[in-house]
Amino acid sequence: MEKVRIGVIGTGYVGLVTGASFANIGFEVMCLDVVEKKVNMINQAIPPIFENGLQDLLTDVVKERKLLTATLNRRETLEKSDVIFIALPTPSSADGSIDLTYIKSEVEELGKELRTMDGYKTFVVKSTVIPGTTKNVVLPLLEKYSGKKAGIDFGLAMNPEFLMEGLAISNFQKPDRVVIGAIDDRSFNEVKKLYLSFNCEIQQTTTSGAEMIKYAANSFLATKISYINEIANICEELGIDVSEVAYGLGLDERISPKFLRAGLGFGGSCFPKDVKALYALSKDLNRTSKILSAVLGINELQPMRAIQLLEGLMDIKGKRVALLGLAFKPDTDDMREAPSIVIANELLSKGAVVVAYDPIAKDTAMAVLPNITHSNSAEEALKDADAVIVVTEWKEFNNLSSKDFAIMRGKNIIDGRRVLDWKELINNGFNVKVIGQSPP
Ligand code: UGA
């Protein structure tokens, strides 16, 4: 393995997982962040975010093998790195486009440091950015503030991430592909050196091509979800089980069974933001995407299906409704764009009392949903509830049966994620409605 030193700017889940995973391969990694608390935590091998396996990984690469350090010092990071990943947030602006403020100001600072530094370094954009950003925004800023020339004095590439929260470390270790968009062959080869031990195709493309691949991938996956959710809504009317339909669809290798789980819609920090950004871009280019518009529209309505199903069973006003699961998906404490937010707020506006339980997201959820009660167990949330909605498919909810729901005052159960054994529940006197199925 060639000795390449890596710098990572931004220790969000992408930056930190990337840094720690490269350190795990044996590379020396320095992570830069502006938040002192995070830097201190990382240096003590304490993960500042919840991510499966990250604790063990940090213990190994920070404490035992001493391959990863975190710092607040930009100059030190640059001096000790050959390849520098930029993994800063790109939040949504009000019109759906992305906000490049963090990236631009960081690149300016990097350029200023580079001005008085020797040696060829390669900068790599890891953040999800609109096609053209690396070439038209990052490159000119780096050149302007460093006084140096891209392709001669420094390299530049775009290397999107395809990590799923909760599975990020295993996704990093076993990617389906690595995409490296580079301004020239030298930049490509500098980044490729880091991935030589990976057993997958490494695609070389332009920086704009790599940026587009990331948006197209997330938008396609989101399209699969909205598609199956729409099929699920039709299945409900016909008494067909959407899981059987998805299974049959997925047997076709051209379709694949993945991302065909019907539910209450997609959330998280990526799909909603990325689909909106690509849609906004298509409009700007006068090529307005009809598919992406439909994907977003379906996803906006999908959480409301849970409420509609519940209203088919009872009047919500004044009732106590339990929500099981709040995080946007299981195995994370992330509440960004979680369907639970829409559902809880709608229930509140209809006059319900909402009591929720999430195995991990309680603290993050309290910040975004301060007006509901947050319980410490499913049992506590279910006690005396008139109805329950399963919102996130945490594994522990799979095992819930009529015995657990007997603690409720009412008998109404909405399974928004298709995890419960509805036959067992109906046999024991419960009224059950399931997304994508209409139990008799
Ligand atoms: C997503 C992509 O899957 C990653 O490849 C990408 O790197 C990442 O965004 C990103 O851009 O950083 P993530 O947001 O962590 O990853 O979550 P997913 O596991 O993809 O789930 C997204 C949403 O879709 C969740 O709300 C989930 O519940 C929902 N979903 C997923 C479904 O409703 N049905 C499915 O079949 C699959």
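Here are the numbers for the structure shown:
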{"item": "Scope segment 311-332; condition small (Gly, Ala, Ser), assigned to a loop (DSSP other than H, G, I, E, B) and more than 16 Å from the ligand (Cβ to nearest atom); matching residues", "result": "GLY312, GLY318"}
{"item": "Hits in segment 267-310 - residues which are of a type in the set (Lys, Arg) and either farther than 20 Å from GLY436 by Cα or more than 16 Å from the ligand (Cβ to nearest atom) (or both)", "result": "LYS273, LYS276, LYS283, ARG287, LYS290"}
{"item": "Residues (over 20 Å from the mean Cα position of the chain (by Cα) and not in a strand (DSSP E or B)) located in segment 1-21", "result": "MET1, GLU2, LYS3, VAL4"}
{"item": "Residue count, segment 402-438 (criterion: among the basic types (Lys, Arg) and in a loop (DSSP other than H, G, I, E, B))", "result": "4"}
{"item": "In segment 349-395, the residues that are small (Gly, Ala, Ser), assigned to a loop (DSSP other than H, G, I, E, B) and either in contact with a helix residue (DSSP H, G or I) (Cβ under 7 Å, 6 or more places away or on another chain) or more than 19 Å from LEU310 (Cβ to Cβ) (or both)", "result": "ALA361, SER375, SER377"}
{"item": "Residue that is among the hydrophobic types (A, V, I, L, M, F, W, C), touching a helix residue (DSSP H, G or I) at 6+ places or on another chain (Cβ under 9 Å) and more than 25 Å from TYR215 (Cβ to Cβ), where the choices are LEU114, LEU163", "result": "LEU114"}
{"item": "SER219 on the phi > 0 side of the Ramachandran plot and among the hydroxyl-bearing types (Ser, Thr, Tyr)", "result": "no"}
{"item": "Flag if GLY155 is over 23 Å from the mean Cα position of the chain (by Cα), farther than 23 Å from THR205 by Cα and either among the hydroxyl-bearing types (Ser, Thr, Tyr) or at pLDDT 95 or above (or both)", "result": "no"}
{"item": "GLU237 vs. criteria more than 10 Å from the ligand (Cβ to nearest atom), modelled with pLDDT of 95 or more and surrounded by fewer than 18 Cβ atoms within 10 Å (Cβ to Cβ)", "result": "no"}
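The values are calculated or read from the model by the stated rules, or taken from the named source; none is laboratory data. If you're wondering where the values come from, they're calculated on a predicted model, not measured in any experiment. Please note: Cβ atoms are built from the backbone with ideal geometry, for glycine as well, and neighbour counts cover all protein chains shown.
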